[in-house]
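The values are calculated or read from the model by the stated rules, or taken from the named source; none is laboratory data. Model, not experiment: these values are computed from the prediction. Ideal geometry is used to build each Cβ from the backbone, glycine not excepted, and the neighbour counts take in all protein chains shown. With ligands, DNA and RNA removed, areas are computed over all heavy atoms of the protein, side chains included. Shrake-Rupley method; radii C 1.70, N 1.55, O 1.52, S 1.80 Å.
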Amino acid sequence: NPGIQPSNPDPEKQRYTTLSLKGELLNNFVATEEDAFNYAAKGEAYFLSNYGEGKENSFAISGFLNKAWNQFNFGVNTSSDFTKTQDSSYSIANNIFRVNPYVKFQGKNYKLIVGLNYVQEFGENSRTNLLPAVRAEFPVVPGYATIFGGITGDVLKTSLRELSSENPFLMSNINISNAIEKSNIFGGVRGNAGSGFGFKAAIFIKTVQDMPLFVNNPDNLERFDVIYDDGDSKIVGFEGEISLNASETFTWSGKVNMNNYKMATEKEAWHKPDFRLTSNARLSVNDKIAVDAEVILNGQTQAKTYTFTPTLQENTVPIKSFVDFSAGAEYRFREKVGLYLRVNNIFGEKYQQYLYYPKFGINILGGFNYSF
């Protein structure tokens with residue numbers, strides 16, 4: 001906190017180390033076979049540790065079976081996820097088993113998938129969840145525009161790996177608890193206007209139980225706790241995407257997200273923006289030179305802090321919206337070897353994504369890359 005001197009004279013170090021492994025096995029799909037039998041299996045494992053005593057080991061295996069019969073497809077998706085998170089004061093098993101049986105009926109002008117998500121949590125906590133999995137598609141302009149919609153639900157796993165990748169400035173012994181997306185009712189349109197232009201626009205209404213949020217620790221402001229909105233949070237939102245491949249030399253894409261949060265117990269959706277726009281473009285000048293640019297526009301967010309007067313008092317601190325513009329260039333002097341230069345935050349915007357953690361001003365990176 002810049003209003004308190006000295007603010008943080010002896011900052012603690014943090015470092016994350018991750019080793020991950022992935023593998024996949026699948027059969028060759030032949031679309032012309034009316035009674036095709038398809039399957040796939042995938043495995044993933046990772047091992048994470050940080051500078052303190054935090055560790056996380058995870059192993060997951062997933063797969064599917066699908067049998068086509070006339071216009072029907074009968075199938076099942078399944079996965080098993082075994083995760084163990086440790087720190088100085090706990091060792092937690094957070095395991096999830098999923099089964100998603102479904103029936104897909106596909107005609108010339110429509111597609112309908114009706115299924116069910118059975119999700120069993122076991123380990124430190126045990127919970128059984130039955131959630132919907134229904135989707136439908138109807139082309140309004142065949143080949144160019146398709147209307148889609150549905151209702152789905154799932155368990156949103158909370159892990160040290162996911163939390164630290166989003167916000168690395170975490171306290172030790174953070175609370176690990178899964179959220180449940182009870183329902184996600186969505187609908188929209190997607191399509192293309194020729195091979196080089198694509199679009200998607202969708203609205204949704206989500207109900208999420210125990211949504212995780214980042215808040216500054218009252219005793220160590222430079223570290224973040226993970227708290228949970230105790231109850232059902234409502235999110236009404238809009239998503240829009242546009243992509244343009246004008247030629248082999250120029251590509252452009254843009255994405256916008258707008259969310260309105262109605263929390264169950266917390267005053268705000270801490271550190272979650274109500275508006276975010278990202279856009280990037282790339283131009284290949286010739287076979288050797290390429291340039292690119294990216295802009296990020298993030299809406300205002302809210303943070304929660306505490307004061308002792310003398311009892312514990314909650315405060316809401318607004319974090320201003322920001323625009324971050326970056327650009328780069330690459331020179332490939334050989335087929336597999338190139339040099340690059342990138343300038344981030346070109347306008348030198350002074351902004352924060354998380355409270356008390358100002359982003360770098362203008363900064364320049366350079367180096368070389370090698371592909372094989």
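List of remarks:
- Residues of the stretch 40-56 that turn out to be under 23 Å from the mean Cα position of the chain (by Cα) and either among the hydroxyl-bearing types (Ser, Thr, Tyr) or over 30 Å from residue 112 (Cα atoms) (or both), as a count: 10
- Of everything listed in (1) under 18 Å from residue 125 (Cβ atoms); (2) under 21 Å from the mean Cα position of the chain (by Cα), the single unmet condition for residue 59 is (1).
- Single residue of 285, 295 found to be β-branched (Val, Ile, Thr), closer than 30 Å to residue 340 by Cβ and open to solvent by less than 60 Å² (accessible area, probe 1.4 Å): 295
- Within the stretch 138-172, the only residue that satisfies the criterion of being open to solvent by 50 Å² or more (accessible area, probe 1.4 Å), in a loop (DSSP other than H, G, I, E, B) and among the polar types (S, T, N, Q) is 172.
- Per the conditions (1) more than 20 Å from residue 225 (Cβ to Cβ); (2) under 24 Å from the mean Cα position of the chain (by Cα); (3) of a type outside the set (Val, Ile, Thr), the sole criterion not satisfied by residue 341 is (2).
- Subset of the stretch 338-348 (residues that are open to solvent by less than 70 Å² (accessible area, probe 1.4 Å) and within 16 Å of residue 294 (Cα to Cα)): 342, 343, 344, 345, 346, 348
- Of all residues in the stretch 306-315 being touching a Phe, Trp or Tyr at 6+ places or on another chain (Cβ under 9 Å) and of a type outside the set (Asp, Glu), the one that is least open to solvent (accessible area, probe 1.4 Å): 315
- Among strands (runs of 3 or more DSSP E) entirely within the stretch 22-131, having at least 1 residues that are free of Cβ contacts under 8 Å to residues at least 12 places away in the same chain and out of contact with any helix residue (DSSP H, G or I) (no Cβ under 9 Å at 6 or more places or on another chain) singles out 90-106.
- Summed over the stretch 197-211, the residues that are of a type outside the set (A, V, I, L, M) and either touching a Pro at 6+ places or on another chain (Cβ under 9 Å) or open to solvent by 20 Å² or more (accessible area, probe 1.4 Å) (or both) give a count of 6.
- Among the residues making up the stretch 245-282, those that are exposed (fewer than 15 other Cβ atoms within 10 Å of the Cβ), among the hydroxyl-bearing types (Ser, Thr, Tyr) and farther than 30 Å from residue 209 by Cβ are 247, 249.
- Some residue of the stretch 49-72 being open to solvent by less than 50 Å² (accessible area, probe 1.4 Å), under 25 Å from residue 108 (Cα atoms) and modelled with pLDDT under 95: yes
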